[in-house]
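Below is one structure, written out as structure tokens, with a few remarks after it.
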Amino acid sequence: MKKYMRGQFEYLGIKSPQSAALLREFIKEHGLPPLAKLDEISRDLWSLSQREFQYASMTLMGKLEKKYEPEFISTIEYLLITKSWWDTVDVIASHAVGTHFKRFPDVREKYLKKWRKSDNFWLRRTTLLFQLGYKKETDFELLCELIRENLGSNEFFINKAIGWALRQYAHTNPLPVKKFVQATKELHPLSRREALKNIGE
């Protein structure tokens, strides 16, 4: 596990199915934490060395994400920029952020404005990925704007996210994706390949 994550994190060595079963058992016995405690619990779990604790935090967050208060966005932001790697950022972006931005348009407007210009590429990756589950509700114009802002990046995780976001929307509406890719000559080859993976040139 540690090697797969390039040695960045320590692990207890508990595989995902076993970890999920243990957490289910814990929740069955103790219930979900009160919403008011979720910030403290999330940050505490994030502070522990072993990566499984961060995964446990995300599972708890996922079970409560439709109940967050608007200000929980500060907790989400902290988790995105702390111990950042694709395994946590992508889950938080496509679930917690995606749900939160749908529920609170004012929060979405404020934090998109902040994150899209951030020097932290994980926050910019989040802006590209938060609509992954939106399907027909995807704001494709916004996605295209965000992609254009990141053109020319040499950051693998940005270029991969661009392609992933386009490929995901192509499942719902392939024609605009194809047109955008054809018209955007500056797209990184990785982004282009990912975007057209299921729809072809």
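Laboratory data are not the source of any read-out in this text; all were calculated from the coordinates shown. Quick caveat, the model's predicted, so the values are computed rather than measured. Every residue, glycine among them, receives a Cβ derived from its backbone with ideal geometry; neighbour counts consider all protein chains shown.
Observations, loosely collected:
- Amide H to amide H distances under 5 Å link residue 188 with 152, where only residues 5 or more positions off or on other chains count and H is placed in the peptide plane.
- Using only side-chain charges placed at the Cβ, +1 for Lys and Arg and -1 for Asp and Glu, the dipole size of the chain relative to its Cα centre rounds to 580 debye.
- Amide H contacts under 5 Å for residue 10: 51, restricted to partners 5 or more places along the chain or on a different chain, H placed in the peptide plane at 1.01 Å from N.
- Summing +1 for each Lys or Arg and -1 for each Asp or Glu among the other residues whose beta-carbon sits under 10 angstrom from that of residue 196 gives +3.
- Cut-off under 5 Å, modelled amide H: who pairs with residue 85 long-range: none
- Residue ranges 29-39, 77-87, 155-165 sort as 155-165, 77-87, 29-39 when ordered by packing (mean number of other C-beta atoms within 10 Å per residue, highest first).
- Simple Cβ-charge dipole of segment 131-201, Lys/Arg +1 and Asp/Glu -1, about Cα centre, in debye nearest 20: 340 debye
- Take every pair of alpha-carbon atoms less than 8 Å apart whose residues are at least six positions apart; their mean separation over the length of the chain yields a relative contact order of 13 percent.
- Computed over neighbours whose Cβ is under 10 Å from that of residue 155, the net charge equals +3, Lys and Arg +1, Asp and Glu -1.
- Theoretical FRET efficiency, 1/(1+(r/R0)^6), r = Cβ-Cβ of residue 19 and residue 82, R0 35 Å, to 0.05: 0.95
- Taking the charge dipole of the chain about its Cα centre, with +1 at Lys and Arg Cβ atoms and -1 at Asp and Glu Cβ atoms, the residue from 74, 48, 176 reaching farthest to the positive side is 176.
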